[in-house]
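Data first, discussion second: the structure below is written as structure tokens.
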Amino acid sequence: MKFYSTNDRKLSVSFKEAVVKGLAPDGGLFYPESLPQLDKSFIKNLPNLSLAEIGFEVSKHFLGDDIPADKLKEICDDALNFPTPLVSLEPNVYSFELFHGPSCAFKDVGARFMSRCLSYFAKESDEKITILAATSGDTGSAVAHGFLGIKNIDVVILYPSGKVSQIQEQQLTTLGNNITALEIDGSFDDCQALVKKAFQDDELNKHMKLSSANSINIARLIPQSFYYFYAYGQLKKQNKDLVISVPSGNYGNLTAGLIAKQMGLPIKRFIASTNVNKVIPDYLATGKYESKASIQSISNAMDVGAPSNFDRMMTLYQENHPRICEDLKGASFNDDQTKKVMKKVYKESNYILDPHGAVAYLGLKKELDAENELGVFIETAHPAKFLDVVEEVINTKVEIPDYLKSCLTKEKTSIKMACNYQDFKNYLKS
Ligand SMILES: *Cc1c(COP(=O)(O)O)cnc(C)c1O
């Protein structure tokens, strides 16, 4: 299958090129030229399939021309090797825990899949690739872990100084090896802008082979559709319409869900749940899209004022606002509401929500018809990743997974940098 730029349908490339480039040369995002319709028999058989098996079946439609089936199978088995349980919280409400991977966030799914695809291509052409990733927290560690120690690949992570949690920062800055962390004096949007500029810089791109690992990379987006099929399969026997609430920042997670629906997965509707950075809920309410400067919140992985996947959502729905509103509701909540519901759910269900999952839970409760529908909200991070907030809110110690514990004691190594493109470019060239 070919992938074209959301800015220009005529600009189409192979999966390999789309993955290595990350962003299209005209600044657009790569998008599949057609969405495969999956067989009814596949949908029917979903309850019997593991996440890795689903991954293989779905991805071969997209990647089959570029990666041979046996390799693709290996990539799926290796990347999708951690549990993704659906935990029952209340009647008809499930928490879909996608944080049991090595960095304790859902981004492990996309990052692990992508790193294995890229490493397959790098091995094939014996070329050195530098991955640039701007992160508001979780992307960085998932990407860094996905690529740690992989030959021919260097990873440069840009994160906003002082705007990620301590655990997140430790996860980004303690790996060493082929991973470098740049601590930028600015916001997440500033980090993202530096990365975007680097990709559009012809001179720099002649000098080195750059690739992105943000949610803009198509090799991160595609695998994020797999778990929606998995959730459907696990809940199918309840025979109820499914509504899924997705805590959203750059909207890669949600876009992948909308793509799964378009490929034939029977999800009744989605909820775009977010914090006070509510550009998309506002778009859904008014039909007008206006990017904004991001505002800091306790669910900081969603502090995004110019969500990069908006263009893909528009491509998917051909900019048809009424149609997108049929499939998608928007919901936005402030930090007080988020904290309050974290407290409430802990008290009533003895379940610890992280701030992002809490926002998704709020969105689900707002939009679900709990009598007749089955609701799922996505828990995108382990609560221990946001330890300070979570422990203060629920007034209880949170158990830290062993892996997170070990990185807390390692020494931080980062390179501090002003938010200045020339400095960044000089660093990359050096
Ligand atoms: C990245 C992230 C999100 C937002 O995901 P998008 O795909 O960018 O919308 C939500 N929660 C957590 C914990 C994240 O790390």
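The values are calculated or read from the model by the stated rules, or taken from the named source; none is laboratory data. Fair warning: this is a prediction, and the values are worked out from it, not measured in the lab. Cβ coordinates were reconstructed from backbone atoms using ideal geometry, including for glycine residues, and neighbour counts include every protein chain displayed.
Can you find a residue in the range 322-333 that is polar (S, T, N, Q) and over 20 Å from Pro266 (Cα atoms)?
Kept after step one, since they are polar (S, T, N, Q), are these residues of the range 322-333: 332.
So of that shortlist, the ones also over 20 Å from Pro266 (Cα atoms) come out as 332.
Checked against the condition, which is being polar (S, T, N, Q) and over 20 Å from Pro266 (Cα atoms), the range 322-333 yields at least one hit.
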Just checking, which of Asp402, Asp354, Asp336, Asp388 is within 16 Å of the ligand (Cβ to nearest atom) and either of a type in the set (Ser, Thr, Tyr) or surrounded by fewer than 17 Cβ atoms within 10 Å (Cβ to Cβ) (or both)?
-> Asp388
What is the residue count in the range 154-190 for residues that are part of a helix (DSSP H, G or I) and of a type in the set (D, E, K, R)?
-> 3
Can you name the residue in the range 284-299 that is more than 14 Å from the ligand (Cβ to nearest atom) and in contact with a strand residue (DSSP E or B) (Cβ under 8 Å, 6 or more places away or on another chain) and, of all such residues, is nearest to Phe106 (Cα to Cα)?
-> Leu284
Tyr31 at pLDDT 95 or above, touching a Phe, Trp or Tyr at 6+ places or on another chain (Cβ under 7 Å) and assigned to a strand (DSSP E or B) | yes
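What residue, among those in the range 300-322 that are within 9 Å of the ligand (Cβ to nearest atom) and outside any helix (DSSP H, G or I), is farthest from Ile222 (Cα to Cα)?
Keep residues of the range 300-322 that are within 9 Å of the ligand (Cβ to nearest atom), which gives 300-302, 304, 307-309.
Filter once more, keeping what is outside any helix (DSSP H, G or I): 304, 307-309.
On the way: Val304: 21, Pro307: 18, Ser308: 15, Asn309: 13 Å.
Taking the candidates together, the pick is Val304.
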Hits in the range 1-28 - residues which are part of a loop (DSSP other than H, G, I, E, B), out of contact with any Asp or Glu (no Cβ under 8 Å at 6 or more places or on another chain) and among the small types (Gly, Ala, Ser) | Gly22, Gly27
Among Ala260, Ala198, which is the only one that is part of a helix (DSSP H, G or I) and within 16 Å of the ligand (Cβ to nearest atom)?
-> Ala260
Go over the candidates Phe188, Phe270, Phe226, Phe199 one by one and state the one that is closer than 17 Å to Leu374 by Cα, of a type in the set (Phe, Trp, Tyr) and crowded, with 18+ Cβ neighbours inside 10 Å.
-> Phe270
Taking the stated definitions as given, is Leu118 under 21 Å from the mean Cα position of the chain (by Cα), aliphatic (A, V, I, L, M) and assigned to a strand (DSSP E or B)?
-> no
When restricted to Ser103, Ser161, the only residue within 16 Å of the ligand (Cβ to nearest atom) and either over 18 Å from Ala213 (Cβ atoms) or among the polar types (S, T, N, Q) (or both) is Ser103
Pairs returned, first residue in the range 306-323 that is touching a residue at least 60 places away in the same chain (Cβ under 8 Å), second residue that is part of a helix (DSSP H, G or I), beta-carbon separation under 6 angstrom, 6 or more apart or interchain, are Asn309/Gly252; Asn309/Thr255; Arg312/Thr255; Met313/Thr255; Leu316/Leu258
What residue, of Phe96, Phe82, is under 19 Å from the mean Cα position of the chain (by Cα) and assigned to a loop (DSSP other than H, G, I, E, B)?
-> Phe82
